Amino acid sequence: MSQAIAAEITILMTTLNRPEFVVRALNYLADTEFGGRVLIGDASQADLIAPTRGAISALRDRIRIDYHHLPGLSGPKTIAKLLALVGTRYTAWIADDDFLVPATLAQCAQVLESRPEVSIVHGQGVLVKLKTKGAYGPVQYTAPYVLRDLNAPSPSKRLLEFLENYYVTVF
């Protein structure tokens with residue numbers, strides 16, 4: 001991934017009482033050498049934040065992480081707080097159990113750079129189901145997760161296009 005483009009990407013991650021998922025996601029981003037910034041909005045109970053803070057401390061030399069403990073905030077209010085802190089040109093929003101491929105993020109940013117008429121892009125989606133509950137375990141199955149393009153010429157028509165073929169965009 002181009003370091004210049006990577007530095008312009010911020011991943012917003014929201015979480016609630018699932019530190020093992022945050023730790024897994026942060027280790028993945030560090031292992032894949034994500035060069036952007038990660039903003040975490042953690043609405044968890046105070047007694048569940050130690051593992052997340054420990055991972056952030058352990059990874060601080062490998063990845064830029066800004067952690068915000070926001071107990072009691074709803075998902076939309078947490079994301080609103082994080083959005084106010086974004087200082088990069090490109091942003092992706094994920095839940096604590098999602099993975100984004102850094103090289104694909106860079107490709108998406110490059111598309112946005114080269115096509116100013118485009119305001120949002122995405123890659124491919126894959127659903128991974130584990131055999132056990134939690135953040136770790138053997139894989140039961142994988143399946144495609146369809147992310148549709150919305151190409152209608154106006155915002156109102158794109159909204160109708162989305163609603164006619166609705167799919168969950170945030171979990």
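The values are calculated or read from the model by the stated rules, or taken from the named source; none is laboratory data. The model shown is predicted, which means the values in this text are computed figures rather than measured ones. Neighbour counts are summed over all protein chains in view; Cβ atoms, including those assigned to glycine, are modelled from backbone coordinates with ideal geometry. Calculation scope for accessible area: heavy atoms of the full protein, side chains included, ligands and nucleic acids excluded. Shrake-Rupley method; radii C 1.70, N 1.55, O 1.52, S 1.80 Å.
Restricting the calculation to Cα atoms, region 1-97 yields a radius of gyration followed by a Dmax of 12.6, 39 Å. Dividing the summed -39500 (n - 2.57) terms of all DSSP H runs of n ≥ 4 by the residue count of the chain sets its mean residue ellipticity at 222 nm at -10000 deg cm²/dmol. Evaluate the Debye formula for region 45-135 with equal point scatterers sitting on the alpha carbons, no solvent, and hand back log10 of I(q)/I(0) at q = 0.19 Å⁻¹, in q order, two decimals. Listed by q, the Debye log ratios stand at -1.27. Along the charge dipole of the chain, Cβ charges K/R +1 and D/E -1, which of 73, 23, 104 sits furthest on the positive end? Working it through, the farthest residue towards the positive pole turns out to be 73.
Surface composition of the chain: carbon plus sulfur atoms contribute 56% of the solvent-accessible area (1.4 Å probe, protein chains only, all chains present). For residue 91, the residues whose modelled amide H falls within less than 5 Å of its own, excluding neighbours fewer than 5 places apart on the same chain, are 10.
Site pair residue 31 and residue 111 shows an inter-label distance of 2.6 nm when each label is modelled 7 Å from Cα along Cα→Cβ. Straight Cα distances below 15 angstrom link residue 81 to the aspartates and glutamates 42, 66, with same-chain residues fewer than 8 positions distant left out.
Would you mind checking region 128-148 for residues with the amide N under 12 Å from a putative spin-label position 7 Å along Cα→C-beta of residue 20? From region 128-148, the list is 131-138. Enclosing the Cα atoms of the chain in their convex hull gives a volume equal to 131 cubic angstrom per residue. Net charge dipole, the chain: roughly 180 debye, given to the nearest 20, about the Cα centre with Cβ charges of +1 for Lys and Arg and -1 for Asp and Glu. Fully extending the segment from residue 165 to residue 129, taken as 0.36 nm per residue of separation minus the present Cα-Cα distance, adds 10.6 nm. Is any residue of region 25-54 close enough, with backbone N under 18 Å, to a label point placed 7 angstrom from the Cα of residue 85 along the Cα-Cβ axis, and if so, which? Inside the label zone: 25-27, 29-30, 35-54. One Cα centroid belongs to region 1-28, the other to region 44-112; the line between them spans 5 Å.
Evaluated at 37 °C with a viscosity of 0.692 mPa s, what Stokes-Einstein diffusion coefficient in µm²/s does region 104-163 have when Rh comes from the Kirkwood expression over alpha-carbon pairs?
For the chosen part, D equals 229 µm²/s.
Taking all protein chains into account, the per residue accessible area for region 28-171 stands at 66 Å² (1.4 Å probe).
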